[in-house]
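The values are calculated or read from the model by the stated rules, or taken from the named source; none is laboratory data. Just so it is clear, the structure is predicted and the values come from calculations on it, not from any experiment. Positions of Cβ are generated from backbone atoms using ideal geometry, with glycine treated the same way; all protein chains shown enter the neighbour counts.
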Amino acid sequence: MFKKILVANRGEIALRVIRACQELGIKTVAIHSEADTHSWHVRAADEHVCVGPPEDALSYRNIPNVLSAAEITGAEAIHPGYGFLSENAHFAEVCESIGVKFIGPTSENIALMGDKAKAREVVARRGLPVLPGSPGELRNESDALEAARKVGFPVILKASAGGGGRGMRVVNKEDEVARAFQAAQAEAKSTFGHEGVYLERYFLEPRHIEVQVLADDRGRVVCLGERDCSIQRRYQKLVEETPSPAVNEALRREIGRVALDAIKAVHYRNAGTVEFLLDKDQNFYFMEVNARIQVEHPITEMVTGIDLIKEQIRIAAGLPLAFRQQDIRITGHSFECRINAECPEKFTPCPGLVTHYRPPGGFGVRVDSAMESHSQVVPHYDSLIAKLITHGQNREEAMARMRRALDEFVIEGIKTTLPLHRRIFSDAEFQKGRVSTSFLERLLTNQSN
Amino acid sequence: MSKPRVRPRPRKEGGRLTALPSTLPGPSSERTVLNDASGEQLAPIQELIDLLKRNNLTELEVERGGFRVRLRHETGARPAVAASAADVIPAAPHTRVESATISLPAETAGKVTITSPIVGTFYRSPSPDADPYVEEGDPMKKGQVLCIVEAMKLMNEIESEVDGRVVKILAESTKPVEYGQPLFLVDPTPTS
């Protein structure tokens, strides 16, 4: 096992990894930018190194400085968290080459999963259900038009190198294809530095279902159930739950089997998430694999009792998984609310000084956050400031607990999405579990009427 | 491994002042003072700002009754640094880092601090048995190599951006340094 791990991230996920290390008896090194000198994750770690100015490209994503920080502190492994360097194949490769263990998938895994069009192709070749779409990247507009005709409208254009909902365009009719193709290509180029786009069938009101998997060095794979992430705004998840109210036992087994098959097809290592779209007729289609620990991983931990970060560390240290598929038991129900420092109506970021912070507590409530009273939400990074997670014996209890916890949560000084979460959890359709990815938009439209 | 040195910028606790200036408003006027933009009402806060600056603090928090004010003075804003250690191939033994970052900490008026532009290991000399690049008291010229910060097997020579004299060497040779850590205190006034 490692003696010292460098955590190449900030905020709640850095603290989350540091806590797991503390429980495993592993020393930790925090890195930080000049904007985060006073942050909790810096104080929580055994050592800390400033790696650059506030801009993340010059600090948290500054590969030479991050690796030098590992070197001068003698850290044997780096946990990248999510975002920043977590899905940077080059970084993972450099870590491997200088003998620092990257806690995550292999650089080959990251490179393949980062090329969404190619990953889709590999999975399709295995005979697994993928969204009907272009076989690979589209070369030109006529390619796009031909593929769109074959797939049937509406279609969605996506950037191969994309993610997080950026670089996507929905096309409803034939005469929109050319313009949308050019725009998607330009956006892909400017956002991700690679202009490749591909095309998929666009489903109205689908559910976003993803499956958590773990894979060790010996090729043993385990599926830890699904998460329903249908409550989104512009492809940004806001509320997640597990198990999904739309997935029955038979479907769960089937999606789990396909997810594991996809993971084996690409020789995946460590923790990963296989994303699917689920249509109204219970058909599901592979979308992509997220080659990192995800923001919403805690809800899976709540219902399985498995600490995913510790498992990531153990797998990276070369240890075999300590459990098999038949050992996995899903107990109860869990929700997560992502509390962002944003205006709840317009979703514009709202950095500033948090004058008062009082998280909720009690049975079945978990808060993953690096926020404190009198701390600054700095404008340089992601607006996520807290993840509120509840667990209950069933969906009703977990939901009632979330309503109670949301009411208890006090964050003063800045605007947050707390009021929106209260609204979502008091919505009748949401309570019945009848939601799709367009739920939130509808809720917000009703509000303004 | 020892804990790497942290920049001597005072942390939250360190910068706190408990003394209460007599001009501090009482609880009754707290909203007015904080929200009203009229110069007259803000005078006490202006005095706190002066107090902060005068004592070279980065942070000041004062509490009286139900009224609390917290001021922070960011000395951050540093020029962007071109670190040429972007590649990881341990081939070229010595690479020049174009500019050492310069900032003006308040406690050394008239002097400049040269800080580390990268994370690495600080060396005062080009090799263990060689003489140091500079000693305290030495005159120095713009573009002169002052030290090496080794990062990922790459020796990055840190050059001075100013003419002047080395007043104090702030980092210890062979010890790790972080981004922004002060390395040299320099008197930029031309010496005859």
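For (1) modelled with pLDDT of 95 or more; (2) closer than 25 Å to A:Pro298 by Cβ; (3) under 24 Å from the mean Cα position of the chain (by Cα), each residue gets a yes or a no:
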site	(1), (2), (3)
A:Arg61	yes, yes, yes
A:Asn65	yes, no, no
A:Ser68	yes, no, no
A:Gly74	yes, no, no
A:Pro80	yes, yes, yes
A:Ala89	yes, no, yes
A:Ala92	yes, yes, yes
A:Gly104	yes, yes, yes
- Have a look at A:Glu210, A:Glu146, A:Glu174, A:Glu137 and point out the one that is in contact with a Lys or Arg (Cβ under 9 Å, 6 or more places away or on another chain), surrounded by fewer than 19 Cβ atoms within 10 Å (Cβ to Cβ) and of a type in the set (D, E, K, R). A:Glu174
- Selection within the range B:130-152 - surrounded by 14 or more Cβ atoms within 10 Å (Cβ to Cβ), at negative phi and either in contact with a helix residue (DSSP H, G or I) (Cβ under 8 Å, 6 or more places away or on another chain) or among the aliphatic types (A, V, I, L, M) (or both): B:Val134, B:Met140, B:Val145, B:Leu146, B:Ile148, B:Val149, B:Ala151
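Just wondering, is there one or more residues in the range B:153-161 that are under 19 Å from the mean Cα position of the chain (by Cα), at pLDDT below 95 and surrounded by fewer than 21 Cβ atoms within 10 Å (Cβ to Cβ)? Write out each step before concluding.
Going through the range B:153-161, the residues under 19 Å from the mean Cα position of the chain (by Cα) turn out to be B:158-161.
With the extra rule that they be at pLDDT below 95, the set shrinks to B:158-161.
From what is left, the residues that are surrounded by fewer than 21 Cβ atoms within 10 Å (Cβ to Cβ) are B:159, B:161.
Within the range B:153-161, one or more residues are under 19 Å from the mean Cα position of the chain (by Cα), at pLDDT below 95 and surrounded by fewer than 21 Cβ atoms within 10 Å (Cβ to Cβ).
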- Item | Residue match in the range A:314-328 (condition: surrounded by fewer than 18 Cβ atoms within 10 Å (Cβ to Cβ), at pLDDT 95 or above and in contact with a His (Cβ under 7 Å, 6 or more places away or on another chain)) | no
- Task: Determine which single condition A:Ile98 fails, assuming it passes every other condition in (1) within 14 Å of another protein chain (Cβ to nearest Cβ); (2) surrounded by fewer than 20 Cβ atoms within 10 Å (Cβ to Cβ); (3) closer than 23 Å to A:Leu308 by Cα.
- Result: (3)
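Within the range B:174-192, can you find the residues that are within 14 Å of chain A (Cβ to nearest Cβ) and either surrounded by fewer than 17 Cβ atoms within 10 Å (Cβ to Cβ) or not acidic (Asp, Glu) (or both)? Steps first, answer last, please.
The initial filter retains those residues of the range B:174-192 that are within 14 Å of chain A (Cβ to nearest Cβ), namely B:174-183.
Of everything in the range B:174-192, those that are within 14 Å of chain A (Cβ to nearest Cβ) and either surrounded by fewer than 17 Cβ atoms within 10 Å (Cβ to Cβ) or not acidic (Asp, Glu) (or both) turn out to be B:Thr174, B:Lys175, B:Pro176, B:Val177, B:Tyr179, B:Gly180, B:Gln181, B:Pro182, B:Leu183.
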- Scanning the range A:67-81 for residues that are touching a strand residue (DSSP E or B) at 6+ places or on another chain (Cβ under 6 Å) and within 24 Å of A:Leu384 (Cα to Cα), which turns out farthest from the other protein chains (Cβ to nearest Cβ)? A:His79
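Could you please let me know if A:His41 is within 26 Å of A:Ser383 (Cα to Cα) and not β-branched (Val, Ile, Thr)?
Values: within 26 Å of A:Ser383 (Cα to Cα): yes; not β-branched (Val, Ile, Thr): yes.
Yes, satisfied.
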- Task: Please name all residue pairs, on different chains or six or more residues apart, with Cβ atoms under 9 Å, provided the first residue is in the range A:305-320 and is within 22 Å of A:Ile389 (Cβ to Cβ) and assigned to a loop (DSSP other than H, G, I, E, B) and the second residue is of a type in the set (S, T, N, Q) and modelled with pLDDT of 95 or more.
- Result: A:Gly305/A:Thr331; A:Ile306/A:Thr300
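Taking A:Ser33 as the residue in question, decide whether it is buried (at least 24 other Cβ atoms within 10 Å of the Cβ), within 14 Å of chain B (Cβ to nearest Cβ) and within 24 Å of A:Gly352 (Cβ to Cβ). Outline the logic, then answer.
On the way: buried (at least 24 other Cβ atoms within 10 Å of the Cβ): yes; within 14 Å of chain B (Cβ to nearest Cβ): yes; within 24 Å of A:Gly352 (Cβ to Cβ): yes.
Yes.
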- Task: Kindly list, by first and then second residue, each pair from a residue in the range B:133-148 that is under 15 Å from B:Val167 (Cα atoms) to a residue that is modelled with pLDDT under 95 and exposed (fewer than 14 other Cβ atoms within 10 Å of the Cβ), limited to pairs with Cβ atoms under 8 Å and residues at least 6 apart or on different chains.
- Result: B:Pro139/B:Thr191
- Query: With respect to the numbered conditions (1) in contact with a strand residue (DSSP E or B) (Cβ under 8 Å, 6 or more places away or on another chain); (2) among the aliphatic types (A, V, I, L, M); (3) crowded, with 21+ Cβ neighbours inside 10 Å, which one is the sole condition not fulfilled by A:Ala44?
  - Reply: (3)
- Task: May I ask you to list the residues in the range A:1-16 that are within 14 Å of chain B (Cβ to nearest Cβ) and either over 10 Å from A:Ala77 (Cα atoms) or within 17 Å of the chain's Cα centre (by Cα) (or both)?
- Result: A:Ala8
- Message: Take A:Arg220 and tell me if it is surrounded by fewer than 21 Cβ atoms within 10 Å (Cβ to Cβ), within 22 Å of A:Arg314 (Cβ to Cβ), of a type outside the set (A, V, I, L, M, F, W, C) and in contact (Cβ under 8 Å) with a residue 40 or more places away in the chain.
- Response: yes
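Pick from the range A:343-371 the residues that are among the hydroxyl-bearing types (Ser, Thr, Tyr) and part of a loop (DSSP other than H, G, I, E, B): which of them is nearest to the other protein chains (Cβ to nearest Cβ)?
The initial filter retains those residues of the range A:343-371 that are among the hydroxyl-bearing types (Ser, Thr, Tyr), namely A:348, A:355, A:357, A:369.
Retained after the next criterion (residues that are part of a loop (DSSP other than H, G, I, E, B)): A:348, A:355.
Working: A:Thr348: 23, A:Thr355: 9 Å.
Among residues in the range A:343-371 that are among the hydroxyl-bearing types (Ser, Thr, Tyr) and part of a loop (DSSP other than H, G, I, E, B), the one nearest to the other protein chains (Cβ to nearest Cβ) is A:Thr355.
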- Message: Given the options A:Val274, A:Val295, A:Val289, name the one that is in contact with a helix residue (DSSP H, G or I) (Cβ under 8 Å, 6 or more places away or on another chain) and in a loop (DSSP other than H, G, I, E, B).
- Response: A:Val295
- Quick one: which helices (runs of 4 or more DSSP H) sit completely within the range A:390-449 and have at least 3 residues that are modelled with pLDDT under 95 and of a type outside the set (A, V, I, L, M)? A:439-448
